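Heads up, the thing below is written out as structure tokens.
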Amino acid sequence: MSDEAERLLRRIEAIDTAAANTQRRTESYERMADEMKAVTASVTSPDGAVTVVVGPGGDVEQITFGERVGQLDSAALSASVRHTLAAAKAAAARLQAEVVRRGLGDSDLLDKVLAEDERLFGDRPPADPGPAPVTAPPRRRREVSREDDYFEDFDVFGQGR
């Protein structure tokens, strides 16, 4: 075989190898995208009053209240909801980062992308809120004549009226 033919053969093999690598990366990115779409994090407050389920991108999918919710005053409930929501968003962000790290392997690409997002858009991954706020001791449930009266002054976000 001539030198020219060998050189062409090596180029064809290199192109085939590059195509196979590209196909593997494409499949890996598709798997990663599917996993990212399926990420959910569920966090329950330490007192068991609130559970928050967060999906991809930090979207709140569900907030449920446990039996203890009636024992909390509105300020404690508001703090518990906010803290649990922040913890669920942080957990979802950690899960998504892990999906990307698994998909990219030992690469600093994720760190570069996150740093560039922060520089360009001010985007930052949700911070872990730390320990849960201390809640007041349980209060007695007041008796109400109508169910609507119980929720009259209820403000889940603690921002007043």
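The values are calculated or read from the model by the stated rules, or taken from the named source; none is laboratory data. If you're wondering where the values come from, they're calculated on a predicted model, not measured in any experiment. Positions of Cβ are backbone-derived with ideal geometry, glycine not excepted, and every protein chain shown enters the neighbour counts. Side chains are part of the model used for accessible areas, which takes the heavy atoms of the whole protein and leaves out ligands, DNA and RNA. Shrake-Rupley method; radii C 1.70, N 1.55, O 1.52, S 1.80 Å.
Tabulated results
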quantity	calculated
Criterion (within 30 Å of Ala97 (Cα to Cα) and surrounded by fewer than 12 Cβ atoms within 10 Å (Cβ to Cβ)) met by exactly one of Ala41, Ala18, Ala14	Ala18
Ser28 vs. criteria buried (at least 19 other Cβ atoms within 10 Å of the Cβ) and either on the phi > 0 side of the Ramachandran plot or of a type in the set (S, T, N, Q) (or both)	no
Test: residue in segment 53-63 that is assigned to a loop (DSSP other than H, G, I, E, B), over 30 Å from Val100 (Cβ atoms) and small (Gly, Ala, Ser)	no
Unmet requirement for Ser107, which otherwise passes all of (1) among the hydroxyl-bearing types (Ser, Thr, Tyr); (2) surrounded by fewer than 16 Cβ atoms within 10 Å (Cβ to Cβ); (3) at pLDDT 85 or above	(3)
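Every residue, every condition in (1) over 28 Å from Gly105 (Cα atoms); (2) open to solvent by less than 30 Å² (accessible area, probe 1.4 Å); (3) at pLDDT below 95, yes or no:
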position	(1), (2), (3)
Met36	no, no, yes
Glu67	yes, no, yes
Ser74	yes, no, yes
Ser80	yes, yes, yes
